[in-house]
Amino acid sequence: MQPESVAEAAEILRSAQRVVAFTGAGVSAESGVPTFRGAGGLWEGHPVEELASPRGFYADPVKVWRFYEERRRNLANVKPNPAHRVLAGWQERFPQYAVVTQNVDGLHQAAGARGVLELHGSIWRMRCLGCGREREERTVPLPRVPPLCSECGAMERPGVVWFGEFLPEVVMAAAFAAIEGCEVLVVVGTSAVVYPAAGFVEVAATAGAKVIEVNPEASSMAHFADVALRGPAGELLPLVDARLAEI
Ligand code: BJW
Ligand code: ZN
């Protein structure tokens, strides 16, 4: 518990009109979803390029699909945690509010967040490599791995953004506008090492926003933080929220 930082964060948020929550894998950690980096992370023991790059996919699509299928199976059984719920609830509190996430798990939406800006796509979307059709697919397990497009028969790929790929343009533009114009950026559960997303923290800080970081560890952007809440988001965000409700 960090009563002082919690109070400081609540004080910053109290009068704010334009707030953005910028999240990474750590916001889902307390739901039981592994993060990417560090001990026990998804990349541990896997060269990242083999699983999350176009080159890795084309070299061995079945291997990559098995990796995503296993994650889909695990995600089908997890629920949003108190951090997702607080961040969803803030859409009723702040006049201008956006959740910008690097996560592909859909847990912000499951907690009720609307208009979530998914920078790295969604594990629940499929994209056809033949005709380009995109569709939502929540069936777990998939009837066939790799899945095939019912329109043209070509293989589909996960609707996520891999290394070396551009982020979806419309989502990027909306996220950039929200972040550049916010008064407070709440950075939750990201190591902030993957660009261009990581650069958003500097964009907000340079434009004059206050930055609140919620993470047990200092991220690579921690030097931009006005307040650092060092602990699990599922415990600390409800404390901030409760404090906000008091004042
Ligand atoms: C808790 C917690 C609790 C734990 N509570 N917190 C500029 C400079 C250098 C490199 C580049 C650059 N621009 C582009 C690049 C290349 C590359 C890149 O950034 N590389 C760096 C790694 C060096 N970027 C790209 O390739 C991007 N594309 C691009 O830039 O296109 C333009 C371009 C094209 C061609 C050439 C050049 C430019 C695309 C990046 C796509 C990232 N994709 C992934 C996979 C998505 C699909 C999937 O899920 O499988 O996205 S990688 C992976 O990392 C995933 C995540 O969204 C992303 C970020 O990870 P995140 O969320 O921060 O997780 P972790 O695990 O790192 O951190 C978890 C944190 O939680 C930790 O801090 C914990 O402490 C904390 N935590 N418990 C709160 N309870
Ligand atoms: Zn197709």
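Name the single residue that is nearest to the chain's Cα centre (by Cα) among those in the stretch 185-205 being open to solvent by 20 Å² or more (accessible area, probe 1.4 Å) and farther than 16 Å from ALA175 by Cβ.
SER191
If you go through the stretch 119-138 one residue at a time, do you hit one that is over 13 Å from the mean Cα position of the chain (by Cα), open to solvent by 60 Å² or more (accessible area, probe 1.4 Å) and away from ligand 2 (no atom under 16 Å from the Cβ)?
Yes, because at least one residue in the stretch 119-138 is over 13 Å from the mean Cα position of the chain (by Cα), open to solvent by 60 Å² or more (accessible area, probe 1.4 Å) and away from ligand 2 (no atom under 16 Å from the Cβ).
Would you mind stating whether GLU30 is of a type in the set (D, E, K, R), modelled with pLDDT under 95 and either within 21 Å of LEU119 (Cα to Cα) or surrounded by fewer than 19 Cβ atoms within 10 Å (Cβ to Cβ) (or both)?
For GLU30, the condition - of a type in the set (D, E, K, R), modelled with pLDDT under 95 and either within 21 Å of LEU119 (Cα to Cα) or surrounded by fewer than 19 Cβ atoms within 10 Å (Cβ to Cβ) (or both) - is not met.
Among the residues of the stretch 6-18, write down those that are of a type in the set (Gly, Ala, Ser), touching a residue at least 60 places away in the same chain (Cβ under 8 Å) and either in the same structural domain as TRP43 (by TED's automatic domain parsing) or in a loop (DSSP other than H, G, I, E, B) (or both).
ALA16
Within the stretch 80-99, can one find any residue that is away from ligand 1 (no atom under 13 Å from the Cβ), under 21 Å from SER31 (Cβ atoms), open to solvent by 70 Å² or more (accessible area, probe 1.4 Å) and not hydrophobic (A, V, I, L, M, F, W, C)?
Scanning the stretch 80-99, I find at least one residue that is away from ligand 1 (no atom under 13 Å from the Cβ), under 21 Å from SER31 (Cβ atoms), open to solvent by 70 Å² or more (accessible area, probe 1.4 Å) and not hydrophobic (A, V, I, L, M, F, W, C), so the answer is yes.
Applying the selection to the stretch 217-233, what residues are in contact (Cβ under 8 Å) with a residue 60 or more places away in the chain and either surrounded by fewer than 23 Cβ atoms within 10 Å (Cβ to Cβ) or farther than 29 Å from TRP162 by Cβ (or both)?
Hits for the stretch 217-233 are ASP226, VAL227, ALA228, LEU229, ARG230, GLY231, PRO232.
Which one of ALA21, ALA29 is in a strand (DSSP E or B) and either over 22 Å from the mean Cα position of the chain (by Cα) or under 30 Å from GLN91 (Cβ atoms) (or both)?
So the residue among ALA21, ALA29 that is in a strand (DSSP E or B) and either over 22 Å from the mean Cα position of the chain (by Cα) or under 30 Å from GLN91 (Cβ atoms) (or both) is ALA21.
What's the number of the condition GLY153 fails, among (1) out of contact with any helix residue (DSSP H, G or I) (no Cβ under 8 Å at 6 or more places or on another chain); (2) of a type in the set (Gly, Ala, Ser); (3) within 16 Å of ligand 1 (Cβ to nearest atom)?
(3)
On the given criteria, is ALA154 in contact with a strand residue (DSSP E or B) (Cβ under 8 Å, 6 or more places away or on another chain), near ligand 2 (Cβ under 10 Å from one of its atoms) and open to solvent by less than 70 Å² (accessible area, probe 1.4 Å)?
yes
The rows are residues; the columns are (1) surrounded by fewer than 16 Cβ atoms within 10 Å (Cβ to Cβ); (2) out of contact with any strand residue (DSSP E or B) (no Cβ under 8 Å at 6 or more places or on another chain).
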{"position": "LEU13", "(1), (2)": "no, no"}
{"position": "VAL19", "(1), (2)": "no, no"}
{"position": "GLY26", "(1), (2)": "no, no"}
{"position": "THR35", "(1), (2)": "no, yes"}
{"position": "GLY40", "(1), (2)": "yes, yes"}
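So which of VAL145, VAL116 ends up being within 16 Å of ligand 1 (Cβ to nearest atom), over 23 Å from the mean Cα position of the chain (by Cα) and open to solvent by less than 70 Å² (accessible area, probe 1.4 Å)?
Selected residue: VAL145, the only one of VAL145, VAL116 that is within 16 Å of ligand 1 (Cβ to nearest atom), over 23 Å from the mean Cα position of the chain (by Cα) and open to solvent by less than 70 Å² (accessible area, probe 1.4 Å).
The values are calculated or read from the model by the stated rules, or taken from the named source; none is laboratory data. As the structure is a computational prediction, the values presented were derived from the model and not from experiment. Because the Cβ atoms are built from the backbone with ideal geometry, glycine has one as well, and the counts that use them run over all protein chains shown. Heads up: the accessible areas ignore ligands, DNA and RNA and are worked out on the full protein's heavy atoms, side chains in. Shrake-Rupley method; radii C 1.70, N 1.55, O 1.52, S 1.80 Å.
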